[in-house]
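I have placed the structure first, in the form of structure tokens, so that the comments after it can refer back to it.
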Amino acid sequence: MTTRYRLGLDIGGTFTDFVLTEVRSGEIHRYKHLTSYPDPADGVIEGLNALLSDLKISVAQIDEIVHSTTLVTNAIIDRRGARTGLLTTAGFRHVLDLGKEQRYDAYDLFITYPDPLIRDSLRREIPERTLADGEILTAVDLSAVVAATEDLIGQGIEALAVVFLHAYANPANERAAAQAIAQHFPALPISLSSQVAPVAGEWDRTSTTAADAYVRPLLSRYLDRLQTALAALNFRGRFAVMLSNGGAGSVETARRFPIRLLESGPSAGALAAREVGRVLDLPDLVGFDMGGTTAKACLIEGGSLYLSGNFEAGRVNRFKRGSGLPIAVPSVDLIEIGAGGGSIAWRNDLGLLQVGPYSAAADPGPACYALGGEQPTVTDANLLLGYLDADFFLGGRMKLDRARAEQAITPLADSLGMDMLACAWGIHQVVNENMAAAARMHIIERGHDPRRFTLVASGGAGPAHVSAVAKLLAAHRFVLPNGAGTLSSVGCLAAPYAFALERTAAVRLDALQAEKIAFLFAEMEGESRAVLADADIAESDISLARAVDMRMVGQIHTIRVPLDGGDMTHASALTDRFHRRYEQLFARTNRAMPLECVHWHLSAQSSPPSYIFPNLPTAADTDPSSAQKRTRPAYFPACAGFVETPVYDRYRLAAGMTILGPAIIEDQESTAVLTPEDSALIDAAGHLLVSCDW
């Protein structure tokens, strides 16, 4: 019988990661390949061919590929999307400029906001009007729709967003406009707000729909190229794409809702961290994913991921909420917490060392890659500090150039009045402080104490920095998972097929109509089941979860309250759940205030596939010296500078071994650094459970 495989594939800003697992035995093969620009599909095919050639496996033996990508995120950040037009209700042309008319920083005299994705000259107003209760006051003028679209096509648009006022309450005018456009201009990609983000909030809905249209042609071309290339290699299995909500979806779903891939890669990393926690029986975690371009953190409580219906893309100020473009789609609740290995270090206007937000990414890459990069990066600093082996990067497939790293960092050190190694340590510390500060804020804002959470490191750079970040958060434990450098690809393989929907139906809790809410959920359930049916998910394999966003009457912001099937509209149960959650977040609540339900959520998902971390052999002796490769000088302030540090081959470690810091543990995808205060125990699946005695 032919051996069958599943492939998890994650395209990051610097590296594309592959995890191939044999279906029956769970045997795992991992591989990293530099992400290709401008077309990431080229790097996917190159890396896949290299991996399968080494293993003497054919693409035809792969039953399923689950794929996550940062393509949508990078297109918005780098402004590489389509030239996009907007049709909107007469009088509402400038919603994208007005936003919420709020300052995200009251004390910044030079405050800036992200430019809209659709310029004013490519927006057109259409006579039509729907009221907030769904009544159509003015039917859409279809002749005006056709004329405006024809005019925009003459202006060179490649995609069109249609956002009519209150279309979430009644989409009839938008649907009529879409039919007219499709009849006259069938090749023009269209995004409707009533399909993309059917929720109240004009700026959020318009911004989300604009972003969906902006990336639609780019993502469609990318998926076409990738599917064609895989078919040419004789791939006949199922091809799925990770969505922002932590579930997989069919390629058809990705084409219909491209903006739902905005947090595709980070959501896969969060899912993998949860999977590690499940194996280790650690339900309360912080997933810490640091790659070559960015770093992200997510909170996992009780084995569950937080989901959000609104987040931001393309912030002009990375750590300030409100400085980005609002995106109203279901997503794993993540925070971008600083920089990746390719983040550039520089001297700011105050004469201080700063790291990021700009990155060398894969092209041209850090200076030590010798691919054309000349600016100092975190990876260059880690090489000079002895944490990375110049001859064993990517398992020796890529050599690092120490001389180029020195040439890049020396001018920065001179400008700061520091020696080169002090500057390298400063870069390492600054990025750690930035990440820890952002992660601390993310955890505390959700009503939790960072000290009680276990960090799970992933990404190519995460294992080298997690020890320092854990200590800055006063955490006493962190995990270095088996295959941490490609863990997001593991998240792809552990992902259920899932689709989430949200609808606005604002009503006071004391006036709630059970029949109306039941109809709303039935409508969402039907749509969600149809989406999963497109991915060949059996009806019997679909489970549903419901929630509602609630607030006290008069408040602006909401908090999410989960619903059970039996008490979806039971006022006393909803009241109790709301106040318990409110007290957790804000320490107190006012039970005398009337409550309001605003947004209703439904998530449908299949049973998650089982992902196996194969067990290691058990060590006869807990002494890890048999796995030690060599020693090399590495910098640890607790040791007063450079100290000869044992370097361990992760593939020779056995379950039950204990490693005392300082130590460096290498595999082909990442390098882990243990400080002198750390003690690591290798478990049966090869995960390193590290205790911090600080």
query = Only one of (1) crowded, with 23+ Cβ neighbours inside 10 Å; (2) free of Cβ contacts under 8 Å to residues at least 40 places away in the same chain; (3) not in a helix (DSSP H, G or I) is not met by Glu374, so which one is it?
reply = (1)
request  = Specify which of the listed residues (Val466, Val456, Val479) is in a helix (DSSP H, G or I) and among the aliphatic types (A, V, I, L, M).
outcome  = Val466
message = So His428 ticks every box in (1) at pLDDT 95 or above; (2) more than 24 Å from Arg650 (Cβ to Cβ); (3) within 25 Å of the chain's Cα centre (by Cα) but one. Which box is left unticked?
response = (2)
query = For the stretch 208-224, does any single residue satisfy the condition of being in a loop (DSSP other than H, G, I, E, B), more than 23 Å from Phe613 (Cα to Cα) and out of contact with any Lys or Arg (no Cβ under 7 Å at 6 or more places or on another chain)?
reply = no
inquiry  = Among the residues that make up the stretch 198-209, is at least one of them crowded, with 24+ Cβ neighbours inside 10 Å and among the charged types (D, E, K, R)?
reply    = yes
request  = Report, by residue number, each residue of the stretch 216-240 that is modelled with pLDDT of 95 or more and crowded, with 21+ Cβ neighbours inside 10 Å.
outcome  = Arg216
message = Looking at the stretch 204-248 only, could you name the residues that are more than 14 Å from Val59 (Cα to Cα) and of a type in the set (S, T, N, Q)?
response = Thr206, Ser207, Thr208, Thr209, Ser220, Ser244, Asn245
query = In the stretch 13-41, which residues are surrounded by fewer than 16 Cβ atoms within 10 Å (Cβ to Cβ) and closer than 30 Å to Tyr358 by Cα?
reply = Tyr37, Pro38, Asp39
query = small (Gly, Ala, Ser), under 18 Å from Leu20 (Cβ atoms) and touching a residue at least 24 places away in the same chain (Cβ under 8 Å) - does that describe any residue in the stretch 68-75?
reply = yes
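Matching residues to (1) without any contact (Cβ under 8 Å) to a residue 60 or more places away in the chain; (2) surrounded by 20 or more Cβ atoms within 10 Å (Cβ to Cβ); (3) among the hydrophobic types (A, V, I, L, M, F, W, C):
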| site | (1), (2), (3) |
| --- | --- |
| Gly485 | no, yes, no |
| Val490 | no, yes, yes |
| Glu515 | yes, no, no |
| Glu523 | yes, no, no |
| Asp541 | no, no, no |
| Thr558 | yes, no, no |
| Glu583 | yes, no, no |
message = Within the stretch 42-60, take every residue that is in contact with a helix residue (DSSP H, G or I) (Cβ under 9 Å, 6 or more places away or on another chain) and within 18 Å of Gly395 (Cβ to Cβ) and give me the one that is surrounded by the fewest Cβ atoms within 10 Å (Cβ to Cβ).
response = Asn49
task = Among the residues of the stretch 301-359, count how many are part of a loop (DSSP other than H, G, I, E, B), crowded, with 19+ Cβ neighbours inside 10 Å and among the hydroxyl-bearing types (Ser, Thr, Tyr).
result = 1
task = Might you check whether a residue that is touching a helix residue (DSSP H, G or I) at 6+ places or on another chain (Cβ under 6 Å) and polar (S, T, N, Q) occurs anywhere in the stretch 513-528?
result = no
note = Filtering the stretch 400-409 down to residues that are touching a residue at least 12 places away in the same chain (Cβ under 8 Å) and surrounded by fewer than 20 Cβ atoms within 10 Å (Cβ to Cβ) yields Asp401, Arg402, Arg404, Glu406, Gln407
request  = Run down Leu616, Leu595, Leu688 and say which single residue is touching a Ser or Thr at 6+ places or on another chain (Cβ under 9 Å) and of a type outside the set (Gly, Ala, Ser).
outcome  = Leu595
remark   = Scanning the stretch 644-685 for residues that are small (Gly, Ala, Ser), under 30 Å from the mean Cα position of the chain (by Cα), farther than 13 Å from Thr622 by Cα and surrounded by 21 or more Cβ atoms within 10 Å (Cβ to Cβ) gives Ser670, Ala672
message = Please verify whether Ala530 is at pLDDT 90 or above, out of contact with any Asp or Glu (no Cβ under 7 Å at 6 or more places or on another chain) and surrounded by fewer than 18 Cβ atoms within 10 Å (Cβ to Cβ), treating the condition exactly as stated.
response = yes
request  = Looking only at the stretch 416-435, decide whether some residue is without any contact (Cβ under 8 Å) to a residue 24 or more places away in the chain, more than 30 Å from Gly43 (Cα to Cα), β-branched (Val, Ile, Thr) and assigned to a helix (DSSP H, G or I).
outcome  = no
query = Which of the residues belonging to the stretch 158-197 are of a type in the set (Gly, Ala, Ser), surrounded by fewer than 19 Cβ atoms within 10 Å (Cβ to Cβ) and part of a helix (DSSP H, G or I)?
reply = Ala172, Ala176, Ala180, Ala182
note = Of the candidates Ala82, Ala50, the one satisfying the condition of being at pLDDT 85 or above, part of a helix (DSSP H, G or I) and aliphatic (A, V, I, L, M) is Ala50
request  = Give the residues of the stretch 622-643 that are over 36 Å from the mean Cα position of the chain (by Cα) and under 20 Å from His687 (Cβ atoms), sorted by residue number.
outcome  = Thr622, Asp623, Ser626
query = Just checking, how many residues over the stretch 311-329 are of a type outside the set (Lys, Arg), in contact with a strand residue (DSSP E or B) (Cβ under 6 Å, 6 or more places away or on another chain) and at pLDDT below 80?
reply = 1
Residue list for the stretch 96-140, filter: of a type in the set (Ser, Thr, Tyr), assigned to a loop (DSSP other than H, G, I, E, B) and free of Cβ contacts under 8 Å to residues at least 24 places away in the same chain = Tyr107
query = Which one of Ile136, Ile76 is at pLDDT 95 or above, among the β-branched types (Val, Ile, Thr) and touching a strand residue (DSSP E or B) at 6+ places or on another chain (Cβ under 6 Å)?
reply = Ile136
ask   = Filtering the stretch 53-79 down to residues that are in a helix (DSSP H, G or I) and among the hydroxyl-bearing types (Ser, Thr, Tyr), which residue is nearest to Leu219 (Cα to Cα)?
value = Thr73
message = outside the structural domain of Ala132 (by TED's automatic domain parsing), within 20 Å of Ala273 (Cβ to Cβ) and not polar (S, T, N, Q): is that true of Ala484 in this structure?
response = yes
query = Can you find a residue in the stretch 519-527 that is outside any helix (DSSP H, G or I), over 30 Å from Glu677 (Cα atoms) and not aromatic (Phe, Trp, Tyr)?
reply = no
key: Residue ID - surrounded by the fewest Cβ atoms within 10 Å (Cβ to Cβ), chosen from residues in the stretch 360-371 that are in a loop (DSSP other than H, G, I, E, B) and small (Gly, Ala, Ser)   = Ala370
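The values are calculated or read from the model by the stated rules, or taken from the named source; none is laboratory data. Predicted model only: the values in this text are computed from it and were never measured. Virtual Cβ from ideal backbone geometry, glycine too; neighbours counted across all protein chains shown.
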